[in-house]
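See below for the structure under consideration.
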Amino acid sequence: MASVLAGEPHDVRRALEVLGRILTDNVSTRTTFDGFLHSSLGRFDSDVICEARSLSSVGHITAGLALAALIDKFDPPIGPGDDHEPPTWASVEIGEKKVAPPATLAVFFDAGQLAPVPVVVRIVSNDFGEYRRIQVYAAPADREHATRVLDAIMEDASGRMSLFRGRALTASVEQGLVLEPVDLPDISRASVVLPEEVWAEIDLNVAAVTVHRDLMERLGLGVRRGILLAGPPGVGKSLVSRVLARELLGQFTVVMVDARAGHSALSDIYREARNFGPTLVIIEDIDLIVGNRKSRGVNSVLSEFLAVMDADPMASLLTVASTNDVKTLDAAAVRSARFDSIIEIGYPTREAAARILSTYLHGVPGAEDVELEAVAAHFGRDISGADIREIVRRTVLAASGHVSTTDLITTVKSGRFKPHMPGGNYL
């Protein structure tokens, strides 16, 4: 009989299996979720209550890991999460660690394990990632216990069982939000030449979510902060974000948002950030994501951005964004309480440019004899830190690894360190 039913659609198989059981009580059947629920609690799904939470793609992993820990601890009976598939586990790589959280299954926990009453915990996800939930089933009189069990699992998922908390992550989008661990460059303030007032303004904002967090909460003044770094390309905006990420990593989770995720998953990113505890969200070139309504018309991403920046003012969230031109952003996006500080980073002074040159020449053969001020005297007013780095790189390549004052000045005078668009006509 089983071989006859195997080729039929699921609904047909179930109907014939149930009919066969009724008529003969002799047809082998596959356990369904409803059957597992009945065998565990003595009730069908219409006779129980269900406490449920929707899960993000990240939340499905962390909730699954929290449930896996309970399975390891109690070794409970496991059943299917739906009627179509057997219990399934996922395979997920988080950095160098490979984990196998439950994907779709149900688990029976007897009285005295998770609660004074028996409960069934179910985690589900469809193939397209559009439906992810965790549910706790119990007798109608035991709803309060089911709620407490669900709360405890979710607390573990966002706390001790989260493999993302305190790490540096990139946020991208596939079928939903994807967070992947990434190594941060070994960089410090010593390698970034900026006016002291820039760092002072940054430190003031960081203090609100670190050393003065309790004070701001107690006074009801709000904790979360936003910093917007503005300035021409190559002046060090990205370096500032990376230094800050390096300084806060561990104490904070760092989430670096790419353009696609910024366009389609901002709400999910900030929702997950609140689950991670103190979090630094870095959004580079925010003008590519959040534009000006006057130039772009209705902007749903702008509306989403305004909403996430206004939500939960007491959360330990620090947003650091960058733009080449503040005027390209909508006025609503850059007001206080969204971006509390707009820090302009301009082209370096000649003295600062000489210091930047010294930084990039460190360890290069011949650098000890270079006259930094003499080279810097040939820099234009619109030279950036990125330009100076390229001057050093081109000189090293042209001089086969050895540099001199004359070599560097020759590179500067050539102007080739700044890419220029060709002026000819091309097919």
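No value in this document is a laboratory result; all are computed from the given coordinates. The shown structure was predicted, so the numbers you read here are calculated from the model rather than taken from an experiment. Cβ: placed from backbone, ideal geometry, glycine included. Neighbour counts: every protein chain shown.
Label separation (Thr170 vs Glu96): 1.9 nm, computed from points 7 Å beyond Cα along the C-beta direction. If you fit an axis through the alpha-carbon atoms of helix 350-361 and take the longest principal axis of the Cα set of the chain, what angle between them do you get, 0 to 90°, nearest 10? Taking Cα atoms only, the helix is inclined about 60 degrees.
Taking a point 7 Å out from the Cα of Ser300 in the direction of its Cβ, the residues of region 250-284 whose backbone N falls within less than 19 Å of it are 259-271. Annotated for the chain: lysine pairs at least 8 residues apart or interchain, Cα distance under 25 Å, count 6. With everything on Cα atoms, drop me the angle between helix 300-310 and the longest principal axis of the chain, reported from 0 to 90° to the nearest 10. Result, in degrees: 90.
Applying the criteria of a DSSP loop state and at most 16 other Cβ atoms within 10 Å to the chymotrypsin sites (Phe, Trp or Tyr not before Pro) of region 110-176 yields Phe128, Tyr131.
So if R0 is 41 Å, what FRET efficiency would Arg143 and Thr328 give, r being the distance between their Cβ atoms, rounded to the nearest 0.05? So, using R0 = 41 Å, E works out to roughly 0.20. Taking the Cα-to-Cβ direction at Asp110 and at Thr406 and moving 7 Å from each Cα, how far apart do the two end points lie in nm? If labels sit at Asp110 and Thr406, their model points lie 8.9 nm apart. On full extension, the segment bounded by Lys73 and Leu219 gains 48.3 nm, given 0.36 nm per residue less the C-alpha separation.
Of the chymotrypsin sites (Phe, Trp or Tyr not before Pro) found in region 36-111, those in coil by DSSP whose Cβ has at most 14 other Cβ atoms within 10 Å are Phe44. I'm spelling it out carefully: the read-out is Rg and Dmax of the Cα atoms in Å, the candidates are [x] 29.0, 99; [y] 19.8, 56; [z] 27.7, 101, and one was derived from this structure. Which label? Step by step, Rg and Dmax of the Cα atoms in Å for this structure corresponds to label [x]. Secondary-structure-derived ellipticity at 222 nm for the chain, considering helices only, amounts to -11500 deg cm²/dmol, per-run term -39500 (n - 2.57) for DSSP H runs with n ≥ 4.
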